[in-house]
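Down below is the structure, laid out as structure tokens.
The values are calculated or read from the model by the stated rules, or taken from the named source; none is laboratory data. For clarity, every value in this text was computed on a predicted model and none was experimentally measured. With ideal geometry, Cβ positions are generated from the backbone for all residues, glycine too; neighbour counts draw on all protein chains shown. What goes into the accessible areas is simple: the full protein's heavy atoms, side chains included, and nothing from ligands, DNA or RNA. Shrake-Rupley method; radii C 1.70, N 1.55, O 1.52, S 1.80 Å.
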Amino acid sequence: MRKSGLLIALVVFTGFSFLSVRKTDAQTAKAGKPISPDLFGLFFEDINYSADGGLYAELVQNRSFEYNPTERREWSQFSFWEYISPGYSYGRISVETKTPVHPNNPHYMVLTVEFVGSYEQFKGESGVGIKNSGFDGMVVRAGEKYNFSLFVQQLSDAPVLLSVTLQTPKGKVLAEASVSTASKTWQKYTATLTAVEGTDSASLVVLAKTEGQLALDMISLFPEKTFKNRTNGLRADLAQKLADMKPAFIRFPGGCLVHGDGLGNMYRWKNTIGPIEERKAQRNIWGYHQTAGLGYLEYFQFCEDIGAKPLPVVPAAVSCQNSGGTWRIGGTGQKAIPDEEMDEYIQEMLDLIEWANGPATSEWGAKRATAGHPESFNLEYIGVGNEDKITPEFEERFKEIYDAVKTKHPEITVIGTVGPFHSGEDFEKGWKIAEELKLQMVDEHYYVQPEWLMANVHRYDKYPRSSGKVYLGEYASWGNKLKNAIAEAAYLTGLERNGDVVHLASYAPLLAKKGFTQWTTDMIFFDNVNILLTPNYHVQKMFMTNQGETWFDKIISKNESDTTLAASCVQDSKTGDIILKLVNYSDTGKPMKVNLGKFGKIAPQAEQTVLSGQPGDENTFENLQKIIPVTSSIEVAKSFEYAAPPMSLTVIRIKESGKK
Ligand code: AHR
């Protein structure tokens, strides 16, 4: 644990005493302490099928025939596709690489149609083609439109007519369109399909109705209704749940995915912008395929769409220490980019800043403008490294990147990294580097038991105020039961109290697809239709939608010896609202006293939102609503007592008198 000679952990509890542990100066007591306006945000990583098959709204799986056995032994370039030749038709398919749409996307499928059968006695469909059922079936809704596109190179002389349909598992056609090829070079064709009926298990069928030979690639289908109707967009219902939280920032693209499974597997941002057919798909460190369809452009755009600051994390020129297999056991797998390649690598970081913020006339700003976003994305933060093992190779490279970025862009806050745990060798070494370089911020990570959080609610009270700020970039208590969420809530009051030193915090991981998870404790679970919001989500949302910029001491008091209670008081400068958060991590109701004497006149009716229940309660796909916050009104006064229900988080939002 980092020690500070400057601060004294002061706990003076006599009977009911104030929930204050730091000595505060007179000014803080009166006017409150300014805290980070960006405190609570989101962490997004493509883990648990969060991106492809998750937040990214693409319905076709393996759309560009890039799946391969190095991702999963049983996968091939044709995985998730089925060759079909209904009726008396016949032909053949092969996956080839000779003349791809783009070198980043080397594989494509060649479809040879030798005969399209149409015997009078045969009443069914005819043609030769392929079928894709997406990520365990495509969800199609009656009356909704679906945007289909594909790239075709007509290899035979005659044009080929393609029928495009959405079908139920029994072959009932739900939507149809057709496309006729017209070019011997790669060309993109599009069609809109309108569903006459809905199902959760549709397939896309592309069928050649005339004879000939075609090369096909990037076969894509998106619902027209993506989040904010963006092309190449996000699944609207899932994205909305994130938008509802009003996060101050979003960190992306990870996690371990950032530094990758070996040098060749690092997440390189330049591979993830531009037209989707030019992006470089790759194996995901979590054991599946990432198309990069959800790439930097989409991440930045989503941040802008929901008013969150973008927080990209780039590799510190070293790969994950767990590369090559044994997750969390290794420590030997870190590989470093060779010295002679560092200049080029550093330029990639500088180019990212230019791409995000530079004028549309700059080299990289122009690429952003071409993609439809001439305005700056207003990038403020960049994380360099993700819980890396702090080796000499890491340290040398981190410093080089840091120096280059800070020299060219002093306005950017570079966030360092201090290993995967709340203490220990990497933590100490990481902080030492931070202190030497006078880093503005470092990224702490820890996954712990709820008891650890309760015992460490005062962790940051002891942090020095004069050195770097903390970005608590990944944390969670192991579990999605109410008691986990309430322990997290208690911990978050400690982050608010220390919002002058903890600048950013994000729970992790964010999303997990039912049946496809690699990490058991997550904030939101989903399948293709349902979204399960955990109690942890509700706690996060209650804090995010009730952030303030000023923290006040000595507002809420409790029994001195009771460590199951925690609380904090902040004020939101935009509305002037006084916001109380009161946490009871015990199985009995307990009183806390509120004294609003230092504020002006307050409205007598306030809004309270309470999340409470049994410690072991959790939401399930069978009962999505077992644990949800309940909002009602409450009478408040300058001084009042609040009975905190057992195992609960309460947020009370108090208006200044006369304000709506
Ligand atoms: O959040 C899941 C993983 O936990 C992240 O990828 C990694 O950074 C951490 O160890």
Discussion item. Explain nothing, just the number: dipole magnitude of segment 55-176 about its Cα centre with +1 on each Lys and Arg Cβ and -1 on each Asp and Glu Cβ, in debye rounded to the nearest 20.
Written reply: 200 debye
Discussion item. For 497, 73, give me the order by solvent-accessible area with a 1.4 Å probe, most accessible first, ignoring ligands, DNA and RNA.
Written reply: 73, 497
Discussion item. With angles folded into 0 to 90 degrees, how steeply does helix 342-357 sit against the dominant principal axis of the chain? Use alpha carbons for both and round to 10.
Written reply: 80 degrees
Item to complete: Pull out the extension gain between residue 657 and residue 278, defined as 0.36 nm times the separation in residues minus the alpha carbon to alpha carbon distance; nm, one decimal.
Response: 130.7 nm
Practice prompt. List the pair-distance distribution P(r) of segment 256-318, using every Cα-Cα distance, as the percent of pairs falling in each 5 Å bin from 0 up to the bin containing the longest distance, rounded to whole percents.
Written response: 4, 18, 26, 24, 19, 8, 2
Discussion item. More than 45 angstrom separation, counting every C-alpha pair in the chain; what % is that?
Written reply: 26 percent
Fill in: Size of charge dipole - the chain - debye, nearest 20, with Cβ of Lys, Arg +1 and Asp, Glu -1, no other charges
1900 debye
Practice prompt. Rounded to the nearest 0.05, what FRET efficiency do residue 88 and residue 514 give with R0 = 51 Å and r taken as the Cβ-Cβ distance? Could you check?
Written response: 0.80
Worksheet entry | Set 33/598; 188/513; 514/626 screened for pairs whose C-alpha atoms are more than 23 Å apart | 188/513
Worksheet item: Using alpha-carbon positions, what is the distance between the centroids of segment 184-200 and segment 214-253, in Å?
Response: 18 Å
Discussion item. Whole-Hz ³J(HN,Hα) for each residue in segment 43-48, computed from phi via Karplus 6.51 cos²θ - 1.76 cosθ + 1.60 with θ = phi - 60°, x for glycine and proline: what do you get?
Written reply: 10, 10, 9, 7, 10, 6
Response to the item:
For segment 556-654, the Cα-Cα pair-distance distribution in 5 Å bins from 0, as whole percents, is 3, 12, 22, 23, 17, 12, 7, 3, 1, 0
Worksheet item: Rounded to a whole number, what % of the accessible area of segment 448-538 do carbon and sulfur atoms account for, probe 1.4 Å?
Response: 57 percent
Response to the item:
Computed over segment 556-654, protein heavy atoms only, probe 1.4 angstrom, the accessible area per residue in square angstrom equals 43 Å²
Worksheet item: Given labels modelled 7 Å from the Cα in the Cβ direction, how far is it in nm from residue 196 to residue 182?
Response: 2.7 nm
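Share of segment 556-654's accessible area from carbon and sulfur, percent, 1.4 Å?
Roughly 50 percent of what the probe reaches on segment 556-654 is carbon or sulfur.
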Practice prompt. Would you list which lysines come within 17 Å of residue 145, measuring only between C-alpha atoms, while excluding same-chain residues fewer than 8 positions from it?
Written response: 225, 228
Worksheet item: Of 597, 556, 624, whose Cα points farthest to the positive end of the dipole of segment 556-654 (charges on the beta-carbon: +1 Lys, Arg; -1 Asp, Glu; origin at the Cα centre)?
Response: 597
Worksheet item: Looking at segment 395-460, which GluC sites (Glu not before Pro) are in a loop (DSSP not H, G, I, E or B) and have at most 10 other Cβ atoms within 10 Å?
Response: 411
Worksheet entry | Nearby aspartates and glutamates by direct alpha-carbon distance to residue 367 (threshold 17 angstrom, same-chain neighbours under 8 apart not counted) | 277, 278, 298, 348, 351, 354, 375
Worksheet item: Residues of segment 238-367: accessible area per residue at 1.4 Å, in Å²?
Response: 33 Å²
Worksheet item: What spacing in nm lies between the two simple spin-label points modelled at residue 74 and residue 228, each 7 Å away from Cα in the Cβ direction?
Response: 3.9 nm
Fill in: Potential lengthening between residue 614 and residue 270 on full extension [0.36 nm per residue; Cα-Cα distance subtracted]
119.1 nm
Worksheet item: Distance in nm between label sites at residue 466 and residue 411, each 7 Å beyond Cα in the beta-carbon direction?
Response: 3.0 nm
Worksheet, complete the sentence: Given a Förster distance of 41 Å, the FRET efficiency implied by the Cβ-Cβ spacing of residue 210 and residue 622, rounded to the nearest 0.05, works out to 0.25
Discussion item. With every protein chain kept in place and ligands, DNA and RNA left out, what is the accessible area per residue of segment 81-223? Probe 1.4 Å, answer in Å².
Written reply: 44 Å²
Practice prompt. Quote to one decimal, in nm, the extra length available between residue 391 and residue 643 on full extension: 0.36 nm per residue of separation minus the C-alpha distance between them.
Written response: 85.6 nm
Fill in: Rounded to 5, percent antiparallel among DSSP beta bridges of the chain
75 percent
Item to complete: Just flag the GluC sites (Glu not before Pro) in segment 86-195 sitting in loop per DSSP whose Cβ has no more than 13 other Cβ atoms within 10 Å.
Response: 120
Worksheet entry | Estimated FRET transfer efficiency (residue 530, residue 438; beta-carbon r; R0 51 Å; 0.05) | 0.60
Fill in: Dipole of segment 81-223, positive end: most advanced residue of 95, 182, 166 [Cβ charges, Cα centre]
182
Worksheet item: So how strong a dipole does segment 556-654 carry about its Cα centre when Lys and Arg Cβ are +1 and Asp and Glu Cβ are -1, to the nearest 20 debye?
Response: 500 debye
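Leaving out ligands, DNA and RNA, and with a 1.4 Å probe, what % of the accessible surface on segment 81-223 is carbon or sulfur?
Result for segment 81-223: 50 percent of the exposed heavy-atom area is carbon or sulfur.
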